[in-house]
1. Looking only at segment 193-216, how many residues end up being under 20 Å from SER170 (Cα atoms) and aliphatic (A, V, I, L, M)?
2. If LEU30 satisfies every condition in (1) assigned to a helix (DSSP H, G or I); (2) touching a helix residue (DSSP H, G or I) at 6+ places or on another chain (Cβ under 7 Å) but one, which is the exception?
3. If GLU201 passes every condition in (1) farther than 26 Å from GLN55 by Cα; (2) at pLDDT below 95; (3) among the charged types (D, E, K, R); (4) surrounded by 14 or more Cβ atoms within 10 Å (Cβ to Cβ) but one, which one does it miss?
4. Which residues, taken from segment 205-257, are of a type in the set (Asp, Glu), over 24 Å from the mean Cα position of the chain (by Cα) and under 30 Å from LEU267 (Cα atoms)?
5. Please go through segment 76-117 and pick out each residue that is over 25 Å from ARG20 (Cα atoms) and in contact with a Gly (Cβ under 9 Å, 6 or more places away or on another chain).
Amino acid sequence: MSATDQYSLADLLYLMARLRDPEGGCPWDLQQDFASIVPHTLEEAYEVADAIERQDFAHLPSELGDLLFQVVYYSQLGDEQQWFDFSTVVHSITQKLIRRHPHVFPDGQLRGAAPSAAVSTEQVARRWEDIKQQERAEQAQPEHQVSALDDIPRNLPALTRALKIQKRASHIGFDWSHLAPVLDKVDEELQEVREAISQGEPVAISEELGDLLFATVNVARHLKVNPETALRAANSKFSQRLQHVEQQAQEQGVALSECSEAELDALWNIAKQALSQPQ
């Protein structure tokens, strides 16, 4: 291959088939199944998110390629079982997005008529949820009562799942119309945490802390802040400050474990001030 040539999607699909070839494939790849690949998929998705948050766009194509390879891998496994293949995946997502964007594809055709009227972002969001609710009703078993929560994956990160649950509840009218009672709910849950702590009941403490976290996610939703993104940013900020504290302690020849709370506070405040300065 010359320097100007590039591999294509067809090449990637061929590579995947070679890796799974029983006659000359990779022993590790031949041992994998749907379940064993899931942890790798989650890891690759987080690495994409990490590259974007760090604005590491030079390495983002590589991370996106790793994530794409997960889809190719599942498609190969599905093809081997004669359940589906990569073209099935592409057809499914294209069909779904056309159906969920009637404001762009009014006649339901990919290359059909252009939209006749503009719509707002709010209208798009409402219509999107209405269409998804209709899809859930069509896919439900006859004896099963359709719930707005039916298709929310249980293994989502807890903050993300809480946000999705609250959005679905809001869509069917179960929500506060303004922020004040949402903040009051956080105060209420915090008081219940204090009461559980005073009673020394570990199970109750865990339950009340969960309620407090759920209420805090609801505040984020009402303020149009993604709680997962906000918490990742807080994690990053804390990590940077703690690393600065560790560096200060090392330069001063002291161990953090031997510092008093007042000394730790002083180091922390120095770190906050130093890291808040424009670079």
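1. Counting residues in segment 193-216 that are under 20 Å from SER170 (Cα atoms) and aliphatic (A, V, I, L, M) gives 3.
2. The single condition LEU30 does not satisfy is (2).
3. (4)
4. Within segment 205-257, GLU246, GLU251 meet the criteria.
5. ILE98, ARG99, PRO102, PHE105, PRO106
So that you can scan it fast, the table gives a plain yes or no per residue for (1) under 30 Å from ARG168 (Cα atoms); (2) of a type in the set (Phe, Trp, Tyr); (3) outside the structural domain of ILE52 (by TED's automatic domain parsing); (4) surrounded by 14 or more Cβ atoms within 10 Å (Cβ to Cβ):
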{"site": "ASN218", "(1), (2), (3), (4)": "yes, no, yes, yes"}
{"site": "ASN235", "(1), (2), (3), (4)": "yes, no, yes, no"}
{"site": "SER239", "(1), (2), (3), (4)": "no, no, yes, no"}
{"site": "ALA249", "(1), (2), (3), (4)": "no, no, yes, yes"}
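Conditions (1) within 15 Å of the chain's Cα centre (by Cα); (2) modelled with pLDDT of 95 or more; (3) not basic (Lys, Arg), marked per residue:
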| site | (1), (2), (3) |
| --- | --- |
| TYR14 | no, yes, yes |
| LEU19 | no, yes, yes |
| PRO27 | no, yes, yes |
| GLN31 | no, yes, yes |
| PHE34 | no, yes, yes |
| PRO39 | yes, no, yes |
| VAL48 | yes, yes, yes |
| LEU60 | no, yes, yes |
| GLY65 | no, yes, yes |
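Per-residue answers, yes or no, for (1) touching an Asp or Glu at 6+ places or on another chain (Cβ under 6 Å); (2) surrounded by 13 or more Cβ atoms within 10 Å (Cβ to Cβ); (3) farther than 26 Å from ARG54 by Cβ:
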position	(1), (2), (3)
GLU192	yes, yes, yes
ALA196	yes, yes, yes
THR229	no, yes, no
GLU246	no, yes, no
GLU258	no, no, yes
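The values are calculated or read from the model by the stated rules, or taken from the named source; none is laboratory data. As the structure is a prediction and not an experimental result, all values here were calculated from the model. Using ideal geometry, Cβ is built from the backbone for each residue, glycine included, and neighbour counts are taken over all protein chains shown.
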